[in-house]
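Visitor: There's a structure below that I have some questions on.
The values are calculated or read from the model by the stated rules, or taken from the named source; none is laboratory data. Note that the coordinates shown come from a computational prediction; the quantities given were computed from them, not determined experimentally. Using ideal geometry, Cβ is built from the backbone for each residue, glycine included, and neighbour counts are taken over all protein chains shown.
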Amino acid sequence: MCRHLGYLGPAVPLAGLILDRPHALLRQSWAPADMRGGGAVNADGFGVGWYTDDVSPPARYRRAVPLWTDASFASVAAATSSHAVLAAVRSATVGMPVTETACAPFTEGRWLFSHNGVVRGWPESVAGLAAELPTVDLMTLDAPTDSALLWALVRHRLRAGAAPADALADVVRAVAAVAPDSRLTMLLTDGTTLAAVTWWHSLSVLEGADFVVLASEPWDDDPQWTSLGDRLLVTATLNPAPDVRVRALPPDPDTPKRTPMTDPVVEVHLPEDHAARSLAADARAGLSASPKTLPPKWFYDARGSDLFEQITRLPEYYPTRAEREILAARAPEIATVTGAHTLVELGSGSSEKTRLLLDALRDNGSLSQIVALDVSETALREAVGALASEYADVQVTGVVGDFTQHLGLLPGEPARVVAFLGGTIGNFLPEERAQFLAATREVLKPGEWLLLGTDLVKDETTLVQAYDDAAGVTAEFNRNVLHVLNRELGADFDPADFEHVACWDAENEWIEMRLRAKKALTATIAALELGVAFAEGEEMRTEISAKFRRDGVSGELAAAGFTLEHWWTDEAGRFALSLSRAD
């Protein structure tokens, strides 16, 4: 099965991307790590496209020979640098020609395109799709191959004004409808944006401080590589740091929306003024204490939620990518082991990670109900509405509540699996964790399941950088709690008077985020009729994020009445998902 790679970043020699890495495309051409597609080598040709500037069409080099045999390319690659590259090695499908023109990347104007996979039943299965193309496009295909036709179909949509990701998505949906079991992972770039779709085969992503790579397989054992799952749309740009967006492949917009079997139900267990009263109580108690504290939940207004989404895409912040990697690999196993009829997610239930679990449970044939709990009624109603449309055969229930108070009110048909992802449990103090786990166990019947995400103890530098990124996004996220106090409680904090602090507490094995006053000051919180004085250098703790070891997680679960049955980590061992059975 073919392999390909896309790169955006500072200009680097082509050899550094394609030849010199321990498991670069050169090695993948004769020793691919992923053998799911069949075939032991990718020796039927290769191609490289690269950009010399921001306006000209890309240059391209293609040969119908194994990459390792072309000494001329090795010389060219060492002497040629580019800021944007798309490269591929080819394994020809039986019955398709081995010619230079059949090798990716295919190109027109600024576009470069590559396909990893096969169209089943070629060519009869897609004859109807080919008929939509202008006759001249069919007569001038690069080669009589499935990849060349896919490029013609994508190009036809790009010419009509479709966005890159939309063009890929539309072609995948169309081909999959007439040729089931096709493998349709594709890469597309114009030199400034990488767009990709995964369909059967996955991709891996590597984000550096100023570059991004999408590749069929990692080119080395760098722990920053993240494996992406199946049936995803991916876009990557540099702004100037990498901005990688991953989302589930959306349904065909021309297909009528599925009508949910039943309307989603939303149960509200919090009064309308709950958030205002809770914030006031937390602010009064925390800002009157010594040392001062505020709970991290007050980061997350609309602005804070957006900032956190940015944080999850930063190169320093590994937890989201690591957990997604585990779920992409293990969701089918989780579905098989649990056989769960109900997925209960403590959170809005709107994330890509949740959908990996839901899709696996649906594919397993067991899913009948989704229960999502969130403190925000607005966010919850939006989430359950989307879930009800996407999972029309499933009853969707939203519960507006606080998972520290309302777990006992959660509905759901047994067997249930409660998912508490993202490492959020690390925001609890040890006694709070014990209370939460005990309350969760009380809700579940013996034999039901808890799926728990926990960040793991590792070197201090990696941990601190994850909470104190070079771009300063986490610092702004931390200071956002002051904006919330100003807006909601009439406070007069100047966020510029505080600096962000992230430090590792080795004794407790947690990261603390704090706000440190740059000078002596007094702020007034009008709604509380409260004055809050800070000495110069005084700190207010805004978050703890505990890191865990397997023995500790197992012990805390056992104390609450769970038996840890499965423990999975990402390849780099940075993050863990544990699946535990209620005793």
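Visitor: Where the second residue is surrounded by fewer than 24 Cβ atoms within 10 Å (Cβ to Cβ) and among the aromatic types (Phe, Trp, Tyr) and the first is within 13 Å of residue 120 (Cα to Cα) and lies in the range 144-157, which pairs have Cβ atoms under 8 Å and are six or more apart or on separate chains?
Guide: As it stands, the answer is 146/122, since those pairs meet every condition given.
Visitor: Residues in the range 176-193: is at least one more than 24 Å from residue 331 (Cβ to Cβ), at pLDDT 95 or above and of a type in the set (Gly, Ala, Ser)?
Guide: yes
Visitor: Restricting the range 76-106 to residues that are under 14 Å from residue 26 (Cα atoms) and of a type outside the set (A, V, I, L, M, F, W, C), which is modelled with the highest pLDDT?
Guide: Filtering first and then ranking leaves 90.
Visitor: State whether one or more residues within the range 344-365 are surrounded by 24 or more Cβ atoms within 10 Å (Cβ to Cβ) and on the phi > 0 side of the Ramachandran plot.
Guide: Scanning the range 344-365, I find at least one residue that is surrounded by 24 or more Cβ atoms within 10 Å (Cβ to Cβ) and on the phi > 0 side of the Ramachandran plot, so the answer is yes.
Visitor: So, in the range 266-311, exactly how many residues are surrounded by 15 or more Cβ atoms within 10 Å (Cβ to Cβ), among the hydroxyl-bearing types (Ser, Thr, Tyr) and farther than 23 Å from residue 372 by Cβ?
Guide: Total satisfying the criteria: 1.
Visitor: Follow-up. Return the residues of the range 341-384 that are within 14 Å of residue 395 (Cβ to Cβ) and small (Gly, Ala, Ser); say none if nothing qualifies.
Guide: 349, 366, 368, 372
Visitor: Out of the residues in the range 110-141 that are in a loop (DSSP other than H, G, I, E, B) and in contact (Cβ under 8 Å) with a residue 60 or more places away in the chain, state the one that is nearest to residue 197 (Cα to Cα).
Guide: Going through the qualifying residues, I end up with 119.
Visitor: Let me ask you something else. Given (1) out of contact with any helix residue (DSSP H, G or I) (no Cβ under 9 Å at 6 or more places or on another chain); (2) over 21 Å from residue 279 (Cα atoms); (3) among the charged types (D, E, K, R), identify the lone condition not met by residue 512.
Guide: (2) is the only condition that residue 512 fails.
Visitor: Would you check if residue 536 is surrounded by fewer than 17 Cβ atoms within 10 Å (Cβ to Cβ) and not aliphatic (A, V, I, L, M)?
Guide: Yes.
Visitor: For the range 185-230, what are the residues that are in a loop (DSSP other than H, G, I, E, B), of a type in the set (D, E, K, R) and either touching a residue at least 60 places away in the same chain (Cβ under 8 Å) or in contact with a Pro (Cβ under 7 Å, 6 or more places away or on another chain) (or both)?
Guide: Correct list: 190, 210, 217, 220, 221, 230.
Visitor: From 123, 105, 66, 97, grab the single residue that is within 13 Å of residue 2 (Cα to Cα) and more than 33 Å from the chain's Cα centre (by Cα).
Guide: 66
Visitor: Of everything in the range 546-571, what is surrounded by fewer than 21 Cβ atoms within 10 Å (Cβ to Cβ), under 11 Å from residue 456 (Cα atoms) and small (Gly, Ala, Ser)? Give them in sequence order.
Guide: Result: 552, single match.
Visitor: Right, something else. If you take just the strands (runs of 3 or more DSSP E) that sit entirely in the range 438-543, which of them hold at least 3 residues that are at pLDDT 95 or above, more than 30 Å from residue 238 (Cα to Cα) and within 25 Å of the chain's Cα centre (by Cα)?
Guide: 449-455
Visitor: Scan the range 490-538 for residues that are in contact with a Phe, Trp or Tyr (Cβ under 8 Å, 6 or more places away or on another chain) and either of a type in the set (Ser, Thr, Tyr) or in the same structural domain as residue 424 (by TED's automatic domain parsing) (or both) and report the count.
Guide: Matching residues across the range 490-538 total 1.
Visitor: Could you tell me which residue of the range 206-234 is surrounded by the most Cβ atoms within 10 Å (Cβ to Cβ), considering only residues that are of a type in the set (S, T, N, Q) and touching a Leu at 6+ places or on another chain (Cβ under 7 Å)?
Guide: Top of the filtered list is 216.
Visitor: Yes or no: the range 424-431 includes at least one residue that is over 27 Å from residue 557 (Cβ atoms) and of a type in the set (S, T, N, Q).
Guide: Looking for residues that are over 27 Å from residue 557 (Cβ atoms) and of a type in the set (S, T, N, Q), one finds none in the range 424-431, hence no.
Visitor: If the requirement is being surrounded by fewer than 23 Cβ atoms within 10 Å (Cβ to Cβ), free of Cβ contacts under 8 Å to residues at least 60 places away in the same chain and in the same structural domain as residue 243 (by TED's automatic domain parsing), which of these qualifies: 33, 71, 11, 78? Walk me through it before giving the result.
Guide: Values: 33 fails: free of Cβ contacts under 8 Å to residues at least 60 places away in the same chain; 11 fails: free of Cβ contacts under 8 Å to residues at least 60 places away in the same chain; 78 fails: free of Cβ contacts under 8 Å to residues at least 60 places away in the same chain.
Just a single option satisfies the conditions, and that option is 71.
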